[in-house]
Amino acid sequence: MKTVVLPRENLEPFLGRIARGHDLIVPKKTGNDVVFDYYQEGCQIALEYRRTLLPPKKFFLPPEEVLFRYKKGQGFTEPEPEVGRRVFFGLHPCDIHALKRLDYVFLEGYVDTYYRRRRERTLIIGLSCLPDDKCFCHSMGTDLVSDGFDLFFTDLGEVYLVEVGSTSGNDLVLTHRDLVSEVVDEAILKEYKTFISTRSDLFVQTLDTSGLSKILTLEWESPFWEKVAQDCLACGRCSMSCPTCYCFSIYDQVNLDSISGERSRSWTSCLYKDYALVAGGHNFRPSRGARLRQRLMHKHKDFFEQQGVSACVGCGRCQANCPAGIDFCQVLTSLRGDISESAVG
Amino acid sequence: MSQLLAKTENPYRPVRAKIVDLRDLTPETRLFQVKLVDPKAARDFDYRPGQFCQISALGTGEAPISISSSPTRPGLLEFCIRRVGRTTSALHRLNPNDEVGIRGPYGNGFPVDYMEGKDVLIVAGGVGLAPVRSLLLYILDNRDQFRSVTLLYGARSLEDMLFREELKTLERHPDLNILLTLDSGDTRLWPFRTGLVTSLFEEITVAPKTVAAVCVPPVAYKFVTKGLLDKGISGEDIFMSLERKMHCGIGKCGCCAVGSKYCCQDGPVFTYWDALNLPDMI
Amino acid sequence: MSKPRIGIYGLTSCAGDQLVLLNCEDELLDVLSAVDLRSFVMATSQNPEGELDVAFVEGAVTQDSDLELLRDVRTRSKLLIAIGTCAVWGGIPYLSGRGVPISQHVKVDYSLPGCPIEKKQLLSALSSLIHGDLPLKLPYPVCLECTIRENSCLLQAGEICCGPLTAGGCGARCPSHNRPCLGCRGPSLDPNYQAATKILAKHGYDVEDVHRKLALFSGTNSSKEGRQVG
Ligand SMILES: Cc1cc2nc3c(=O)[nH]c(=O)nc-3n(C[C@H](O)[C@H](O)[C@H](O)COP(=O)(O)OP(=O)(O)OC[C@H]3O[C@@H](n4cnc5c(N)ncnc54)[C@H](O)[C@@H]3O)c2cc1C
Ligand code: SF4
Ligand code: SF4
Ligand code: SF4
Ligand code: FES
């Protein structure tokens, strides 16, 4: 892969210039939090953030979007799609992997045209990170990325090592060649190696994934699901914040004139009671335990069986944000029998 | 199989269809005959028995509904729609010439090619007749491709039985064996028996190479499949059309998931063997 | 299609929900031209308005005259919609031991909770009703909208936030202003009072205190269920 070097002091000018020609999305500081948001002149870019509450998916599958407007006798019309190039800067490796997982869902089989348009108009610039005590991407094999980005920046202190992942990425580099250097010398290589090993030593949280999908299959009937779910508020915060939770519902809203209206979709969660409830009152997942189990089964078993990789990328958002303090890694570890069930919760 | 839409087009976009005729089948269930507005789309629309469409009542919503007509009789599409909630009630308010939106056909449908050359046993309960009627008509129109054909159909009462008149006529068909039962009611009403649909199993003998197609209410699958297994039908040859909550119909929204399968795409027809491998399927 | 005949009635309440409708300045004319509005005042039990397609009822039943009016409206209306948390859940009058939700007296076809109700929800409900549909039910708790707004969680920070127990639809108004959700919209579809109590007990709160707080608006359910743990 082509690799170049961007001196640290050139990052701001680099992003500033990109912002002139594109919609630029960055990790932005707001109070104590960091959120992905559109860049504005003078905004504070968080270069060393840990994790955002909402993942990048909100820019590809927005929390709520109008699919069609309709008018009687005229059928369904799509709203004008957003146009123009976007550059999304600052995704950590787990979030890039997560987008690749979403690509399986939305671009294979029937192509979700809404998702595809947003994906196609967006360049991805990754950014290296250091883990906190909730990250377990190294267990999920998502701590590093080798594709799925146009550029990837590794923070080596004085400079960023920039991997070029696509021709579009290369074009960006070439357009701003006055800001980068093509020389990757021994010293930089050494620093990169040190960075990689220092980073991997920092992980605290781990998850043993060997045979996990099979263990989950065998633990389907475990009473432990209901026990853990006693603490679950069914708030949905874990699903909303998960970079690979993609469930949505579709609904219509008619206008006051009764002849026109909108069809929209919005995020939902398998933790909600009505999620598998059908007309007539039959609920295919009647208990909280069955719903919580669905979330973990889908991440670590069902998606794995479909795509050969887990849907969980180990970003730690679900457990960092659960108001009930449910630690999914602990739940899984205890189902493996590696820690006692009473130690959970 | 031709889809209504090429893969590059927006798969959520319904096409316009006009209601040609409406007929009440039971107090809650109405037969909708519809025709796609675009003549080319109407001509090209092909499907397999057991597939379904997402039907839009403009302004209210969409609902997955099985196609009740057979692809062997092109032109008009038929849907039996039971009024149970918002969208189905809105569909019931429509009149001939009103428009609905249609996407599909979706799902796998019954494996008619595999069923060829075999004895076919169809088991249906209540509104579950809707998808298997398509199969029944398909078989009738290709009668020489199949060996014996038996339909076991149960409804709560005479009033709740779909296609009563049609079934009475078919009952006399020399190449079909039709057994009808009512949960309760007047037993003297020929040709109806009383009792659950499973009680009809006592009256039939099952040939060695029999495949079964089943569509019954969710709670009944366990009993029906047990009965079929007891009759010697292999789990791989029991095809069940299952119901789940659906929104997208195309494997995106997640809400119809059964283990690693999506009911809307990998189903709605699953075998008993699938059910053994996917917990909570039936 | 003839215009639906609509009546709006208030039992014991602050009339706040009726005000929401009056405040829909931009849409009020559209609403008025789409419906046949038969009544929009604190009506008496005489029924000059006759048969109705939809009756909106605000407030809780606290006195005989409320009950009389409610029963009369019910017999005259095809659909009866409870608007506001007082009508839906009993609300503040219920807490003071004086009121009960109207569903304890008559059949309610649909409930629009909120204190006051949300303008957007009212308009979308009206549009659906005019179209002939029951309005959509919002199945999610306040936390969904709160998370979508990327608020950091107050409950996690140890405040008594009723968000996970409370029906969504308000856009997480309070938590978005850094104030815990008071539960003014009444219980969500699947409130887990025991779990909420357990979390707050871990944060050092007195269980009785938590119950009182959780019961403020959604008194009917939370006190009952919550006490099973206490
Ligand atoms: C593959 C399949 C084939 C079906 N075929 C038929 C048929 O031929 N005739 C018939 O009468 N019914 C059929 N159903 C059931 C029918 O889809 C539901 O009764 C209908 O969706 C209820 O919608 P509603 O808006 O009236 O009910 P509400 O309860 O108001 O439902 C609201 C929404 O929930 C979803 N939903 C609710 N119930 C179901 C359900 N049972 N299945 C899927 N989604 C649901 C829909 O998205 C619906 O828009 C079928 C269901 C499936 C999955
Ligand atoms: S399941 Fe949790 S840790 Fe895994 S990707 Fe989703 S939010 Fe991150
Ligand atoms: S965030 Fe925690 S409490 Fe909320 S739904 Fe998820 S597991 Fe349950
Ligand atoms: S602040 Fe309150 S409403 Fe928001 S997520 Fe936390 S508990 Fe839910
Ligand atoms: S209905 Fe959306 S995935 Fe099956």
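The values are calculated or read from the model by the stated rules, or taken from the named source; none is laboratory data. Everything numeric here is computed off the predicted structure, so don't read it as measured data. Every residue, glycine among them, receives a Cβ derived from its backbone with ideal geometry; neighbour counts consider all protein chains shown. Side chains included, ligands, DNA and RNA excluded: accessible areas come from the protein's heavy atoms. Shrake-Rupley method; radii C 1.70, N 1.55, O 1.52, S 1.80 Å.
Residue check: is A:G75 free of Cβ contacts under 8 Å to residues at least 12 places away in the same chain and within 28 Å of A:E9 (Cα to Cα)? Spelling it out, it is not the case that A:G75 is free of Cβ contacts under 8 Å to residues at least 12 places away in the same chain and within 28 Å of A:E9 (Cα to Cα).
All conditions but one from (1) modelled with pLDDT under 90; (2) in contact with a Cys (Cβ under 9 Å, 6 or more places away or on another chain) apply to B:V197; the one that does not is (2). Residues being under 18 Å from the mean Cα position of the chain (by Cα) and either more than 16 Å from ligand 4 (Cβ to nearest atom) or part of a helix (DSSP H, G or I) (or both) are represented in segment A:280-295 by at least one member.
Every residue, every condition in (1) of a type outside the set (V, I, T); (2) open to solvent by 10 Å² or more (accessible area, probe 1.4 Å), yes or no:
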| position | (1), (2) |
| --- | --- |
| A:G21 | yes, yes |
| A:G31 | yes, yes |
| A:T52 | no, no |
| A:E64 | yes, yes |
| A:G73 | yes, yes |
| A:T77 | no, yes |
| A:Y104 | yes, yes |
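Tell me, yes or no, whether segment A:232-240 has at least one residue that is within 12 Å of another protein chain (Cβ to nearest Cβ), open to solvent by 60 Å² or more (accessible area, probe 1.4 Å) and in contact (Cβ under 8 Å) with a residue 24 or more places away in the chain.
The answer is no; no qualifying residue exists.
Against the condition out of contact with any Lys or Arg (no Cβ under 8 Å at 6 or more places or on another chain) and at the interface with chain A (Cβ under 10 Å from one of its Cβ atoms), how does B:V84 come out, does it pass? Spelling it out, B:V84 is indeed out of contact with any Lys or Arg (no Cβ under 8 Å at 6 or more places or on another chain) and at the interface with chain A (Cβ under 10 Å from one of its Cβ atoms).
Quick check on segment C:129-150: of everything there that is open to solvent by 20 Å² or more (accessible area, probe 1.4 Å) and more than 7 Å from chain A (Cβ to nearest Cβ), which residue is farthest from ligand 4 (Cβ to nearest atom)? Walk me through it before giving the result.
Filtering segment C:129-150 for residues open to solvent by 20 Å² or more (accessible area, probe 1.4 Å) gives C:131-132, C:134, C:136-140, C:145, C:148-150.
Within this subset, residues satisfying the condition of being more than 7 Å from chain A (Cβ to nearest Cβ) are C:132, C:134, C:137-138, C:145, C:149.
Numbers: C:G132: 34, C:L134: 27, C:K137: 19, C:L138: 14, C:E145: 8, C:R149: 8 Å.
Once the filter is applied, the top-ranked residue is C:G132.
Output the residues belonging to segment A:290-306 that are charged (D, E, K, R) and within 9 Å of chain B (Cβ to nearest Cβ).
Answer for segment A:290-306, where residues must be charged (D, E, K, R) and within 9 Å of chain B (Cβ to nearest Cβ): A:K301, A:D302, A:E305.
Would a scan of segment A:242-254 turn up a residue that is open to solvent by 10 Å² or more (accessible area, probe 1.4 Å), away from ligand 4 (no atom under 16 Å from the Cβ) and more than 26 Å from C:R149 (Cα to Cα)? Reasoning before the result, please.
Of all residues in segment A:242-254, those open to solvent by 10 Å² or more (accessible area, probe 1.4 Å) come to A:242, A:245, A:247, A:249-251, A:253.
Next, from what is left, pick out any that are away from ligand 4 (no atom under 16 Å from the Cβ): A:247, A:249-251, A:253.
Checking which are more than 26 Å from C:R149 (Cα to Cα) leaves us with none.
No, because not a single residue in segment A:242-254 is open to solvent by 10 Å² or more (accessible area, probe 1.4 Å), away from ligand 4 (no atom under 16 Å from the Cβ) and more than 26 Å from C:R149 (Cα to Cα).
Condition first: touching a Lys or Arg at 6+ places or on another chain (Cβ under 7 Å), open to solvent by 40 Å² or more (accessible area, probe 1.4 Å) and at pLDDT 90 or above. Can you find one or more residues in segment A:200-216 that meet it? Within segment A:200-216, one or more residues are touching a Lys or Arg at 6+ places or on another chain (Cβ under 7 Å), open to solvent by 40 Å² or more (accessible area, probe 1.4 Å) and at pLDDT 90 or above. The condition (being within 16 Å of ligand 2 (Cβ to nearest atom), more than 8 Å from every other protein chain (Cβ to nearest Cβ), open to solvent by 20 Å² or more (accessible area, probe 1.4 Å) and assigned to a loop (DSSP other than H, G, I, E, B)) is satisfied by just one residue among A:V313, A:V309: A:V309. I want to confirm something. Restricting to segment A:33-50 and keeping residues that are part of a strand (DSSP E or B) and touching a Leu at 6+ places or on another chain (Cβ under 8 Å), which single residue is least open to solvent (accessible area, probe 1.4 Å)? Per the stated criteria, the residue is A:F36. Of the candidates A:S128, A:S168, A:S181, A:S139, the single residue that is touching a residue at least 12 places away in the same chain (Cβ under 8 Å) and either acidic (D, E) or out of contact with any strand residue (DSSP E or B) (no Cβ under 8 Å at 6 or more places or on another chain) (or both) is A:S139. Of all positions in segment B:179-199, none carries a residue that is more than 19 Å from B:G125 (Cα to Cα), of a type outside the set (D, E, K, R) and assigned by TED's automatic domain parsing to the domain that holds B:Y153.
There is at least one residue in segment A:70-81 that is within 14 Å of chain C (Cβ to nearest Cβ) and part of a strand (DSSP E or B).
Please tell me if C:V31 is within 14 Å of another protein chain (Cβ to nearest Cβ) and either open to solvent by less than 50 Å² (accessible area, probe 1.4 Å) or modelled with pLDDT under 75 (or both). The answer is yes for C:V31.
Residues in segment B:219-273 that are within 16 Å of the chain's Cα centre (by Cα) and among the aromatic types (F, W, Y): B:Y221, B:F239, B:F270. Please verify whether segment B:234-242 includes one or more residues that are within 11 Å of ligand 1 (Cβ to nearest atom), touching a residue at least 12 places away in the same chain (Cβ under 8 Å) and within 10 Å of another protein chain (Cβ to nearest Cβ). Yes: one or more hits.
Given the options A:D274, A:D338, A:D257, name the one that is open to solvent by 30 Å² or more (accessible area, probe 1.4 Å) and under 17 Å from A:D208 (Cβ atoms).
On the way: A:D274 fails: under 17 Å from A:D208 (Cβ atoms); A:D257 fails: under 17 Å from A:D208 (Cβ atoms).
Among A:D274, A:D338, A:D257, only A:D338 is open to solvent by 30 Å² or more (accessible area, probe 1.4 Å) and under 17 Å from A:D208 (Cβ atoms).
Filtering segment A:68-98 to residues that are of a type in the set (K, R) and under 23 Å from the mean Cα position of the chain (by Cα) leaves A:R85, A:R86.
Please report, ordered by residue number, the strands (runs of 3 or more DSSP E) entirely within segment B:16-103 with at least 2 residues that are over 20 Å from B:M161 (Cβ atoms) and open to solvent by less than 60 Å² (accessible area, probe 1.4 Å).
Qualifying strands (runs of 3 or more DSSP E): B:29-36, B:52-57, B:61-66.
Scanning segment B:110-129 for residues that are open to solvent by 10 Å² or more (accessible area, probe 1.4 Å) and part of a loop (DSSP other than H, G, I, E, B) yields B:P111, B:E116, B:G117, B:K118.
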